[in-house]
Amino acid sequence: MWGGRFDKPPADVARAFTRSFPVDRRIYREDIVASRAHAAMLGRQEIIPARSAEALTEALDNLLVELDQLGGPPVNADDEDVHSYVERVLTERIGDHGRRLHVARSRNDQVATDFRLYCKGFCLRLVTAVLDLLGVLARRAEEEAETIAPGFTHLQVAQPVTLGHYFLALFEMHRRDVDNILYAYTVADVCPLGAGALAGVAFDIDREFVAEELCFSQVARNSLDAVSDRDFVSAVLQACVTLSGHLSRWAEDLVIWASPGFGMVRFDDAFATGSSMLPQKLNPDVAELTRAKAAAIAGAATGWHATLKGVPLSYALDMQEDKRAVFRVEDDVLAALRALTGALDTLTVNRERMAAVAGMGHSTAIEIADYLTERDVPFRDAHAAVGRLVRLAEDRGVELADLDEADFVEADARLSADVRDRLDLPTAVARRTSLGGTAPARVREEAARATRWLRWQRDHVQDLVGRGLPPALQPSARAAVVR
Ligand code: ARG
């Protein structure tokens, strides 16, 4: 491909070290589709003969079908990268027509184009999987709108909440992931093809035509930036760091909740694993591995940032490592997301046990302080009075509701035993009706709102899939997944 000015072939160790085919064969579809658009443009602009353009587009179409059936390019092909692989096969099949394809193009603008297409597709696959999780969360929030659960701060029981409220908190986190992923999609949605090696080209090319064929909504405005820019890779990875960090946090909650000391949830047999020695064990492996994958994903993103920050403008081979980082992160984040979604979908909740834990540690003490505040006691004084009552209850080993009328009055003259009516858990949660609060009525309202938002967002993503990717790269056409 580039041997003309060399006296000898590369040393085996140098070639093995620098070639990227084993990794980038995974973007063969994007390479073929982008090459097809380039060939069609070259023909329209009369940069190559019309019959060459026809031979090229036909051969590229055939190659795509063929490679899909094979599950991707042969693993043991000896080419430098996927781009040289495709060009070699074309030339073997259609001779000189194949040798005309690379005019007005460099692998530098080519790989940036291919990988932007790939990352757009990845964003759409990922956001679809997040929407599936959000569907499970909205459903479970509705089902558990009245279920009393412990609310923790510092992992100490703080106040009772409803389990539906907890699920809606996760809904909020992952709704932001949808925004982050769609932002990364927008960053990737710019077409660099036509930038050449770095300086633009001396032919009358039609960059708008190519961008439109490939469903990019913008054309890169500077050829140096076009081949050096990998912000889309950083944006995709960053979205995955935040997403997997979210997954890791609630995976950790589930590990704790499933531990016998808490015993508040149970993983379905289909989403748990056993011990080779201890017959009674049911381990939350899916949640544990999610925590570990989140660490690896953060590492890959950090490594990528460190790689990119030192690369002088415009292209250098350091940037080839973008694919390794994205593929690793893609495999990990999608696997964790899907497995954890399944685990949540099938999780059994022990409502009695949850309520029991929620009532531990005088978790409704604040009700007494609120009661006093309503009777014109400054909150700080109320806080101190309730602190004394908690101390008293602890000394006697009883609940606050078990204290005597005299105890209440002694803590503060404006207190009476009817405050006990406020101390039970359902009453305490039902009173928290402020916007975003934990009351079952609020949770039902918010769950309905979440479901409406989800319906709208699904339509939006469906629309993006339809117009954001060329037909050959649509998920339905992407049956072959290369690893
Ligand atoms: N395999 C390379 C990559 O993934 C393709 C571009 C190579 N360009 C070059 N001038 N060596 O980045």
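Every number in this text was worked out from the coordinates using simple rules, so none of it is lab data. Predicted, not measured: the structure shown is a model, and the values here were computed from it. All Cβ positions, glycine included, derive from the backbone under ideal geometry; neighbour counts span all protein chains shown.
Would you mind computing Rg(Cα) / (2.2 N^0.38 Å) for the chain, counting N as its residues?
On the way: Rg = 30.0 Å, N = 483, 2.2 N^0.38 = 23.0 Å.
In units of the globular-protein estimate, the chain measures up at 1.30.
Among the GluC sites (Glu not before Pro) in the range 384-416, which ones are in a DSSP loop with at most 15 other Cβ atoms within 10 Å of the Cβ? Mind listing them?
Details: sites: E394, E399, E405, E410; in loops: E399.
The qualifying sites are E399.
Taking amide hydrogens as modeled 1.01 Å from N in the peptide plane, which residues meet the under 5 Å criterion relative to N283, leaving out close sequence neighbours?
Residues meeting the amide H criterion: T273, G274.
Determine the calculated [θ] at 222 nm for the chain from helices alone, applying -39500 (n - 2.57) to every DSSP H run no shorter than 4 residues and normalising by the residue count; nearest 500 deg cm²/dmol. Don't skip to the answer; put the middle values down first.
Details: 19 runs with 297 residues, N = 483.
Using -39500 (n - 2.57) per qualifying helix, the result is -20500 deg cm²/dmol.
Taking loop as defined by DSSP and a crowding limit of 13 other beta carbons within 10 Å, which GluC sites (Glu not before Pro) in the range 127-177 fit?
For GluC sites (Glu not before Pro) across the range 127-177 that sit outside H, G, I, E and B with at most 13 neighbouring Cβ atoms in 10 Å, the list is empty.
Once you charge only the Cβ atoms, +1 for Lys and Arg and -1 for Asp and Glu, what is the size of the charge dipole of the range 116-267 about its Cα centre, to the nearest 20 debye? Before the final figure, lay out each step's value.
Details: 12 positive and 19 negative charges, 81 e Å.
Dipole size: approximately 380 debye.
To check my understanding: the extent here is largest minus smallest coordinate of the Cα atoms along each principal axis. What are those three numbers for the range 406-483, in Å, largest first?
Largest to smallest, the principal-axis extents are 79, 29, 15 Å.
Calculate how steeply helix 82-94 sits against the longest principal axis of the alpha-carbon atoms of the chain, using the helix alpha-carbon long axis, and give the answer as 0 to 90 degrees to the nearest 10.
40 degrees
Please list the radius of gyration and Dmax for the range 217-341, considering alpha-carbon atoms only, with Å as the unit.
Every Cα atom of the range 217-341 included, Rg and Dmax give 19.4, 64 Å.
Once each part is reduced to its C-alpha centroid, what is the distance from the range 140-211 to the range 286-315 in angstrom?
17 Å
Name the residues whose placed amide hydrogens come within less than 5 Å of the amide hydrogen of V161, ignoring near sequence neighbours (fewer than 5 apart) on the same chain.
A149, G151
May I have the count of lysine pairs in the chain with C-alpha atoms under 25 Å apart, counting pairs 8 or more residues apart or located on different chains?
Working: K120/K293; K120/K309; K120/K323; K281/K293; K293/K309; K293/K323; K309/K323.
Total qualifying Lys-Lys pairs in the chain comes to 7.
May I ask which residue of G359, A295, V333 lies farthest towards the positive end of the charge dipole of the range 285-360, with charges of +1 (Lys, Arg) and -1 (Asp, Glu) on Cβ and the Cα centre as origin?
Most positive-ward Cα: G359.
What size of dipole, in debye to the nearest 20, comes out for the range 191-333 about its Cα centre when the only charges are +1 on Lys and Arg C-beta atoms and -1 on Asp and Glu C-beta atoms?
Working: 12 positive and 20 negative charges, 121 e Å.
That gives a dipole near 580 debye.
Could you tell me how many degrees, from 0 to 90 and to the nearest 10, lie between the Cα long axis of helix 107-143 and the main elongation axis, the longest principal axis, of the Cα atoms of the chain?
For 107-143 against the chain, the angle is about 20 degrees.
Please compute the contact order of the chain in relative form: average sequence separation of alpha-carbon pairs under 8 Å and at least six residues apart, divided by the residue count, as a percent.
On the way: 680 pairs, mean separation 92.5, N = 483.
Contact order relative to length: 19 percent.
To test your reading of the geometry: what angle, between 0 and 90 degrees and rounded to tens, separates the Cα axis of helix 321-345 from the longest principal axis of the chain?
40 degrees
For the range 327-467, give the magnitude of the charge dipole about the Cα centre (Cβ charges: +1 Lys/Arg, -1 Asp/Glu; no others), in debye to the nearest 20.
Details: 21 positive and 26 negative charges, 180 e Å.
Taking the Cα centre of the range 327-467 as origin, the dipole is about 860 debye.
Over 25 Å apart: what share of the alpha carbon pairs of the range 295-412 falls there, rounded to a whole percent?
Values: 4105 of 6903 pairs.
Of all Cα-Cα pairs in the range 295-412, 59 percent lie more than 25 Å apart.
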